[in-house]
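Right, one structure below, let's go through it.
The values are calculated or read from the model by the stated rules, or taken from the named source; none is laboratory data. Just so it is clear, the model here is predicted, and its values are computed rather than measured. With ideal geometry, Cβ positions are generated from the backbone for all residues, glycine too; neighbour counts draw on all protein chains shown.
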């Protein structure tokens, strides 16, 4: 079976595709699940809520009855819509039931291809208002706190977005959540374009035209989100205009969390299984905190290659065994980068952004009259959703590139054969490298550090790292420099380093990066844990 995609598909680094592209039938990169939140922002400030009630001519002591009337009307309009569409309304008492699976089952049973599927109601936590008495002033006041209220889940089979839902909070401040799936949306786009495909869960295992499918996913990034979300709001929450009118508000749309996935579909399950255990082993053993920071676009200390001293946060890696496979997740301050296999055939690398404020976007501020562009924090609002796509795509690509640099088709003993024995180059003999010896192991670890990947390393860089004890003796410094020169020559002779033209810098060669990282992964491996994972 020949590869159906372009030589280097969108979102996949050339280094990865060069090694594994012959096993991949197609690649798709785009949004997976996105949750949009619509909120009347003024109503999240108790002082503004007081003003709102004043605009409505409602006293604080009347808030309870006023809110109850609004809640009743919101529910009635929802139930009327379900009655008109002849669709069920069901109360779900437990939190263990999957509403999405219930909706899918109803859609299959009743053959619903468009329109409302059902409305599910559930009592869930939310931020909402209540009236509290204040002892010091002997007055009552509005308090915004976490409490429970009824939520209305409107599940639709949307003509454009496919299966999706709108959740309406039935009490002030009437927050709305809209959940879409980019893959469900793509399926509808493919149907309209009459492109054949096979979809399993939320991934595609067969595609007649992968290039056009990727173009359709790219179109999603250029969506006028406010307009499309307002349309869904009007459909599921028709009372929103009346609620917002007293203070001339409109719902503000933000996006969190958002998932952006790069799917590589292998020819069959056996083709993916052949490499997936290697990907897992390397990710577990070789990706340290600085690597996770780099994947997610953060800088590491340029001098040491370690996490900067002023870094505040937590980096974790977890492994989870599921019925359908094994998933590894790297977390950085609440944002995630995951790798897992889907449907036994699709390798998925996925970046989830829960806290966009940790990233930057090049834009003007809303308050700048000159609209000068500069780097600012990424906003929660949908205006920066296109930038999220860029950031997530870059994170996925960096992850795949890191996997490609250490994984190959050749067994480790074949890769290491050349460096673990003495060789003769231009009549000069160079000793073998022993990665399990402390001295050579430390040398290999040093030359593979992340800060040397782009600009390369120099003699003095290795000196500062390999000789931790500083010396002021000129003689000792010359001896150390000469020793490093001999080691650089040894590494070049074995083909692990190459000299950067017209500089005194050296970089890992393509073969060197593959061999060094593979040797280090084996050197640091825990036999018991690796055996458990492979089982």
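Just a few scattered comments:
- Residues that are at pLDDT below 80 and exposed (fewer than 12 other Cβ atoms within 10 Å of the Cβ), drawn from the range 472-521: 472
- Filter result (touching a residue at least 24 places away in the same chain (Cβ under 8 Å), part of a strand (DSSP E or B) and loosely packed, with under 14 Cβ neighbours inside 10 Å) within the range 144-162: 148
- So residue 258, is it under 27 Å from residue 386 (Cα atoms) and either crowded, with 19+ Cβ neighbours inside 10 Å or under 20 Å from the mean Cα position of the chain (by Cα) (or both): yes
- Criterion applied to 508, 454 was being without any contact (Cβ under 8 Å) to a residue 40 or more places away in the chain, under 30 Å from the mean Cα position of the chain (by Cα) and closer than 26 Å to residue 288 by Cα, and the one residue passing it is 454.
- Residues of the range 261-278 classified as buried (at least 22 other Cβ atoms within 10 Å of the Cβ) and in a helix (DSSP H, G or I), total: 1
- Qualifying residue in the range 214-237 (condition: part of a strand (DSSP E or B) and either farther than 25 Å from residue 398 by Cβ or out of contact with any helix residue (DSSP H, G or I) (no Cβ under 6 Å at 6 or more places or on another chain) (or both)): no
- Here residue 194 clears all of (1) surrounded by fewer than 22 Cβ atoms within 10 Å (Cβ to Cβ); (2) without any contact (Cβ under 8 Å) to a residue 60 or more places away in the chain; (3) within 28 Å of the chain's Cα centre (by Cα) except the condition numbered (3).
- The listed residue being farther than 30 Å from residue 123 by Cβ and surrounded by 20 or more Cβ atoms within 10 Å (Cβ to Cβ), out of 206, 214: 214
- Subset of the range 163-190 that is without any contact (Cβ under 8 Å) to a residue 40 or more places away in the chain and over 21 Å from residue 98 (Cα atoms) - its residue that is surrounded by the fewest Cβ atoms within 10 Å (Cβ to Cβ): 188
- Residue in the range 86-93 that is surrounded by 18 or more Cβ atoms within 10 Å (Cβ to Cβ), modelled with pLDDT of 95 or more and farther than 27 Å from residue 254 by Cα present: yes
- Residue under evaluation residue 11, criteria (1) free of Cβ contacts under 8 Å to residues at least 12 places away in the same chain; (2) over 21 Å from residue 170 (Cβ atoms); (3) in a loop (DSSP other than H, G, I, E, B), criterion not met: (1)
- Test: residue in the range 170-181 that is modelled with pLDDT of 95 or more, closer than 26 Å to residue 86 by Cα, in contact with a helix residue (DSSP H, G or I) (Cβ under 7 Å, 6 or more places away or on another chain) and part of a strand (DSSP E or B): yes
Residue-by-condition table, conditions (1) more than 16 Å from residue 512 (Cα to Cα); (2) modelled with pLDDT of 90 or more; (3) touching a strand residue (DSSP E or B) at 6+ places or on another chain (Cβ under 8 Å):
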{"residue": "416", "(1), (2), (3)": "no, no, no"}
{"residue": "419", "(1), (2), (3)": "no, no, no"}
{"residue": "427", "(1), (2), (3)": "yes, no, no"}
{"residue": "434", "(1), (2), (3)": "no, no, no"}
{"residue": "443", "(1), (2), (3)": "no, yes, no"}
{"residue": "452", "(1), (2), (3)": "no, no, yes"}
{"residue": "462", "(1), (2), (3)": "yes, yes, no"}
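A quick yes/no check of all residues on (1) modelled with pLDDT of 90 or more; (2) touching a strand residue (DSSP E or B) at 6+ places or on another chain (Cβ under 6 Å); (3) surrounded by fewer than 16 Cβ atoms within 10 Å (Cβ to Cβ):
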| residue | (1), (2), (3) |
| --- | --- |
| 305 | no, no, no |
| 311 | no, no, no |
| 317 | yes, yes, no |
| 321 | no, no, yes |
| 324 | no, no, yes |
| 345 | yes, yes, no |
| 350 | yes, yes, no |
| 357 | yes, yes, yes |
| 380 | yes, yes, no |
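- Answer from 117, 112 - the residue that is in a loop (DSSP other than H, G, I, E, B), on the phi < 0 side of the Ramachandran plot and surrounded by 13 or more Cβ atoms within 10 Å (Cβ to Cβ): 112
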